[in-house]
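In what follows, a structure is listed as structure tokens, so that the remarks can point back to it.
Since every read-out is calculated from the coordinates, none of them should be taken as a lab result. Keep in mind it's a predicted model, so treat the numbers as computed, not measured. Every residue, glycine among them, receives a Cβ derived from its backbone with ideal geometry; neighbour counts consider all protein chains shown.
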Amino acid sequence: MKDNYLTVTALTRYVKRKIDTDPHLRQVWLRGEISNFKHHSRGHMYLTIKDDNARIQAVMFSSNNSRLLFRPENGMSVLIRGEVSVYESSGQYQLYIREMEPDGIGALYQAFEQLKEKLQTEGLFLDDQKKKIPAYPDHVGVITSPTGAAVRDIVTTIERRSPSVKITVLPVSVQGPQAVSSIVRAIQYANAFSDEYDVLIVGRGGGSIEELWSFNEEAVARAIYDSSIPVISAVGHETDTTIADFVADLRAPTPTGAAELAVPSQTEQLDKVSYFVQRLTQVMRTDIQMYSKRLERLSQTYAFKYPKQLIAQKEQELDTMLDTLNRSFKNRVEEKQVRYTHLKKRLSTQHPEQEIKAAADNNHKLTTQLNRSMKQLFTNSERELQTSINKLTLVNPLAIMARGYGISYNEDGKVIKSIKEVDLGDQIDVRLKDGYVQAEVQKIKEADDSGGRKEI
Amino acid sequence: MAEEKKYDELTFEQAMEKLENIVTMLEEGDVPLEKAIEYYHDGMKLSKLCNEKLTNVQEKMVHILNEQGELEPFDIEEEK
Amino acid sequence: MAEEKKYDELTFEQAMEKLENIVTMLEEGDVPLEKAIEYYHDGMKLSKLCNEKLTNVQEKMVHILNEQGELEPFDIEEEK
Amino acid sequence: MAEEKKYDELTFEQAMEKLENIVTMLEEGDVPLEKAIEYYHDGMKLSKLCNEKLTNVQEKMVHILNEQGELEPFDIEEEK
Amino acid sequence: MAEEKKYDELTFEQAMEKLENIVTMLEEGDVPLEKAIEYYHDGMKLSKLCNEKLTNVQEKMVHILNEQGELEPFDIEEEK
Amino acid sequence: MAEEKKYDELTFEQAMEKLENIVTMLEEGDVPLEKAIEYYHDGMKLSKLCNEKLTNVQEKMVHILNEQGELEPFDIEEEK
Amino acid sequence: MAEEKKYDELTFEQAMEKLENIVTMLEEGDVPLEKAIEYYHDGMKLSKLCNEKLTNVQEKMVHILNEQGELEPFDIEEEK
């Protein structure tokens with residue numbers, strides 16, 4: 001039983017032989033979508049072709065893929081011609097692709113897209129590569145068919161807009177096998193006289209994509225790009241876009257449009273000049289008027305009246321101040337004067353004359369009083385003395401006796417004042433003015449009222 | 001005599017008083033005559049003394065007035 | 001004199017600015033008397049200067065316009 | 001004079017550009033008056049120049065390059 | 001003399017201020033007599049100074065006005 | 001004598017007061033005669049002293065008045 | 001004499017104050033006669049001094065006014 005077992009290799013070879021010998025699998029037409037695309041460094045392409053339900057491994061060797069007009073990408077629907085075989089080492093069957101083209105679009109489109117992409121990648125379309133179209137060209141080169149509407153449109157438009165601009169038509173074939181080289185040659189010819197031409201218009205009228213195709217050729221594109229003279233492209237109609245349009249310095253939608261873009265309108269320019277003149281004059285006039293008004297306004301401002309008013313005001317201030325100075329000074333002096341006068345008056349009322357007079361009066365009065373009182377005192381004393389002397393005189397005992405009176409004394413020396421103090425026979429002494437008498441009582445009589453005597 | 005000296009030392013007023021006393025005593029009359037006479041005698045002396053004193057004072061007064069008189073006529077009244 | 005020269009070297013705008021400054025200062029009113037008269041003097045000079053410059057420019061403009069007129073009847077006044 | 005000559009050497013485009021610059025400068029308004037009148041003068045000269053250039057239509061033809069590489073007159077009317 | 005010089009260097013306003021101070025001092029009334037006459041003297045000097053300055057300024061003003069008068073009638077209004 | 005000197009040192013008022021006291025005493029009359037004459041003497045001396053003082057004072061017065069009289073008539077009112 | 005000098009150095013106000021004190025003292029009346037006459041004398045001297053000072057000030061004033069008068073009639077109103 002053991003000998004009945006096959007090796008893997010033997011089985012694989014068997015299957016491979018079966019497939020390789022199947023005439024249907026030798027020529028397969030397949031439609032599918034690319035995935036897992038890989039462009040190997042050695043040139044072969046490995047990819048998977050799939051539809052919604054199935055997938056198949058595929059390979060396209062470099063000998064086949066060098067003829068491709070497009071670059072395969074994942075997700076791309078493709079139409080494939082190839083054969084199916086088995087790759088022994090992995091035991092997988094796969095599709096060996098001979099030819100491949102995109103499904104749905106034509107090959108021309110593919111070529112257009114791919115050239116566009118290539119040139120773009122190279123940077124030929126970049127804005128900074130574009131030359132500026134001169135605003136006022138003296139000489140325009142027109143590269144187009146010498147017959148047909150395009151050249152007529154261009155030339156008449158330029159003549160109309162700028163009668164002074166020179167035009168040179170460089171006739172070319174715009175379609176057919178000679179077209180590309182004819183266009184390239186014309187561009188190069190013009191560039192040989194690059195000082196002559198200020199701008200080139202390259203283009204043709206409308207047509208099918210095949211008729212316009214020359215303007216999608218790489219050689220034409222590169223010639224335009226290499227031109228040192230600015231190029232305006234004008235190919236077909238507005239909807240047609242060619243590689244030449246992308247690479248040109250300016251794209252015009254139509255030949256007429258190209259002519260309009262190439263040269264300015266004389267009328268517009270004249271208008272522009274006179275507009276400039278108008279603006280210039282306006283600015284100047286406005287400036288002068290503005291300044292005049294400003295100057296006038298400044299000259300009429302209060303500021304120019306100010307100094308005069310200031311002087312007037314200061315005059316008044318000074319007058320007032322001077323008045324005040326005089327008044328206040330006079331007031332001060334007068335105040336002092338008044339105060340002085342008042343004091344002087346007060347001083348004069350204090351004149352000591354009154355006081356002196358009063359004092360003198362007083363002194364005089366006192367002196368008089370002194371004299372008077374002294375005199376009074378003296379007089380009183382004198383009078384008193386006189387009184388006393390008079391009284392003394394009155395009581396002078398010697399004077400009484402001188403009138404005949406005598407004083408009787410009893411024997412005891414006592415003065416006898418009554419008859420009752422004596423008895424008959426008593427011895428008595430009688431003192432007279434000038435001596436004594438000794439006597440004896442002989443009779444005693446009582447005196448009556450009539451002064452008579454009565455014997456007792 | 002002792003009494004006389006004593007009199008000299010009396011002031012005018014004292015002398016006057018003594019004199020007045022004597023006069024009063026004499027006027028009352030109870031004085032024995034001899035005494036009265038004595039009193040009287042004293043009175044006379046006293047009155048003499050007083051008189052002398054008065055005279056003396058008067059002289060002084062005159063003197064003072066005279067002294068005064070030299071400068072006298074400062075009399076504010078008279079100036080009027 | 002030095003000042004006069006300095007004024008002559010001013011542009012119209014500088015003169016106007018100076019004039020305007022002077023006017024502003026004077027209008028603010030706190031200018032001392034002597035300063036005010038100086039400012040006034042300067043202001044008058046500047047005003048004169050500006051006036052001359054402006055007149056001069058205006059004359060030049062009229063002259064240029066007339067020159068221009070030979071080729072085109074462009075008249076600033078008539079456009080109004 | 002030197003300036004005038006320089007003007008004559010200008011292309012129309014340069015003259016227009018100069019003119020436009022002058023207009024723009026003046027309109028932007030930062031030009032001093034005396035400078036402005038100079039610019040104005042220049043601007044007017046330039047405008048005259050531009051006008052002359054525009055209106056002076058030189059003798060001119062449309063040419064076509066023949067197969068011998070020579071230019072010959074090209075008459076578009078004939079084709080119609 | 002030093003004072004006189006000092007006065008001459010005053011501006012009108014400074015002189016007026018000094019004058020005002022003097023007046024105020026005099027008006028406040030506590031000024032000693034001798035001081036008052038000094039103040040008065042100073043005040044009068046200052047007032048004279050101010051007067052001179054005013055006269056001077058006014059003369060200048062008249063002068064400026066006369067100068068100005070020569071060129072006066074630049075008036076933008078009149079041109080219209 | 002000692003007393004005299006003392007008198008000279010008295011003021012007028014003191015002298016007058018002393019004099020008045022003396023007069024009062026004398027007028028009241030209780031003064032012994034001999035004392036009275038002494039008082040009188042003192043009084044007279046005082047009176048003389050006062051008199052002298054008064055004379056002196058009056059002379060001074062006259063002198064002052066004379067001095068004053070020379071410059072008298074300054075009166076601000078009269079100027080009006 | 002020393003006193004006189006001292007008086008001369010007094011200001012008007014000091015003299016017035018002294019005078020017032022003297023007057024007040026005199027008015028209060030308690031001044032002894034001899035003192036009073038002295039005071040009065042001083043008062044008179046002070047019064048004379050004050051008078052002189054016032055006269056002096058007034059003369060100065062007249063002098064200053066005359067000086068001032070030379071330049072007086074500057075009046076801005078009159079120019080109108």
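A few remarks follow.
- 11 Å beta-carbon shell around A:L115, net charge (K/R +1, D/E -1): -2
- Estimated [θ] at 222 nm from DSSP helical runs (n ≥ 4, -39500 (n - 2.57)) normalised by residues in the protein assembly as shown, nearest 500: -20500 deg cm²/dmol
- Per DSSP, loop chymotrypsin sites (Phe, Trp or Tyr not before Pro) in region A:363-456 with at most 11 further Cβ within 10 Å: none
- Calculated from backbone phi, Karplus (6.51, -1.76, 1.60) coupling profile of region A:139-148 in Hz, x at Gly/Pro: 9, 10, x, 10, 9, 6, 5, x, 10, x
- Residue pairs, from the table C:K60/D:K45; A:K365/F:K45; A:K314/E:K60; E:K48/G:K48, whose Cα atoms sit over 24 Å apart: E:K48/G:K48
- Selection from D:M61, G:T11, A:S265 lying farthest towards where the dipole of the protein assembly as shown points positive, charges on Cβ: D:M61
- Rounded to the nearest Hz, the phi-derived 3J(HN,Hα) couplings of region E:46-54 under the Karplus curve 6.51 cos²θ - 1.76 cosθ + 1.60 (θ = phi - 60°) are 5, 5, 5, 4, 4, 4, 4, 4, 4, where x marks glycine and proline.
- Karplus (6.51, -1.76, 1.60) ³J(HN,Hα), θ = phi - 60°, over region C:9-22, in Hz, Gly and Pro reported as x: 7, 6, 7, 4, 5, 5, 4, 4, 5, 4, 4, 5, 4, 4
- Peptide A:412-418 is shielded by partner chain Cβ atoms: per residue, an average of 1 of them sit within 10 Å of its Cβ.
- Span-like helix ranges in chain A, DSSP H, alpha carbon extent 15 angstrom or more, Kyte mean at least 0.0: A:179-192
- Net +/- balance of residues flanking A:N191 in space, Cβ distance below 11 Å, scoring K and R +1, D and E -1: -2
- For chain A, the residue among A:I311, A:V174, A:Y409 whose Cα projects farthest onto the positive side of the dipole built from Cβ charges is A:Y409.
- As a proxy for reagent exposure, A:L366, A:L25 were ordered by neighbouring Cβ count within 10 angstrom, fewest first; the result is A:L25, A:L366.
- Sorting the segments A:221-227, A:126-132 by their mean number of nearby beta carbons within 10 angstrom, highest to lowest, gives A:221-227, A:126-132.
- Spin-label model, C:Y7/A:V422: points 7 Å from Cα along the beta carbon direction are separated by 16.6 nm.
- Contact order normalised by residue count of region A:365-436, Cα under 8 Å, 6+ apart, percent: 26 percent
- Cα-centred dipole magnitude for region A:158-262, charges only on beta-carbon of K, R (+1) and D, E (-1), debye, nearest 20: 220 debye
- DSSP beta bridges confined to the protein assembly as shown are antiparallel in about 65 percent of cases.
- Candidates A:Y93, A:T121, A:S77 compared by Cα position along the dipole of region A:59-130: farthest toward the positive end lies A:Y93, with charges placed on Cβ.
- Computed magnitude of the charge dipole of the protein assembly as shown (debye, nearest 20; Cβ of K, R +1, Cβ of D, E -1): 6120 debye
- The mean count of C-beta atoms from other chains within 10 Å of the C-beta of residues in D:17-30, rounded to a whole number, is 3.
- Sum of side-chain charges, A:G75 neighbourhood, beta-carbon under 11 Å (Lys, Arg +1; Asp, Glu -1): -1
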